[in-house]
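Have a look at the structure below before the remarks.
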Amino acid sequence: MFLQSCFLSKRLLLTKTLVPVISRAEFSSGLNAFRDSESNQTRQSETVGRSWSVKELRRKSFEDLHKLWYVMYMERNMIFTESNLSRRRGIIFPQPERQTKVKKSMAAIKTVLGERKRDRIAQHVLRQSNMEENESNYDGEDEEVQK
């Protein structure tokens, strides 16, 4: 019995010292990142912007596309959270067109990155074929010198 109580007290001490205590306010503030900061009334009165076009995104650098993807990803998660909460509460989700615009923007980013990847692969294949051509030409010159 004594050993059992010592073990329990040591375990409690370890958990108290090693595991930080997270208050309810800190935990909920992390989850509030998935909530819309605007109220439903302001969302319903505001107009929604447009999605990013592929033409616009082709001019962006990889870093800019990465940042934009991250922003779109967070927006998508926030929209999913808000639509789920609206469904649970039985209220109309404000500006449902935001979801399609975010989806189109993310698809446009993927399209641009895919184009860049295909271009990079084509350039690599072209370089490889040029190197092989140069090597075969060089080998042919050596054979003529040896004869």
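The values are calculated or read from the model by the stated rules, or taken from the named source; none is laboratory data. For clarity, every value in this text was computed on a predicted model and none was experimentally measured. Virtual Cβ from ideal backbone geometry, glycine too; neighbours counted across all protein chains shown. Please note that ligands, DNA and RNA were not included when accessible areas were found on the heavy atoms of the full protein model with its side chains. Shrake-Rupley method; radii C 1.70, N 1.55, O 1.52, S 1.80 Å.
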Net charge around Arg118, counting only other residues with Cβ within less than 14 Å of its Cβ (Lys, Arg = +1; Asp, Glu = -1)?
+3
Rank Ile79, Ile91 by accessible area, highest first, at a 1.4 Å probe radius?
Ile91, Ile79
How long is the gain from Arg118 to Thr81 if the chain were fully straight, where each residue apart is worth 0.36 nm and the alpha carbon distance is subtracted?
9.8 nm
Under 8 Å for C-alpha pairs, at least 6 residues apart: give me the relative contact order for region 50-133, rounded to a whole percent.
45
Can you give the Rg/Rh ratio of region 50-133, where Rg is from the C-alpha atoms and Rh is the Kirkwood radius?
1.23
At what distance in nm do the modelled label points of Ile92 and Asn130 sit from each other, each positioned 7 Å from its Cα along Cα→Cβ?
6.0
Excluding ligands, DNA and RNA, the carbon-plus-sulfur percentage of the accessible area of region 50-133 with a 1.4 Å probe reads 57
Place a +1 charge on the Cβ of each Lys and Arg in region 50-133 and a -1 charge on the Cβ of each Asp and Glu, then give the dipole magnitude about the Cα centre in debye, rounded to the nearest 20.
420
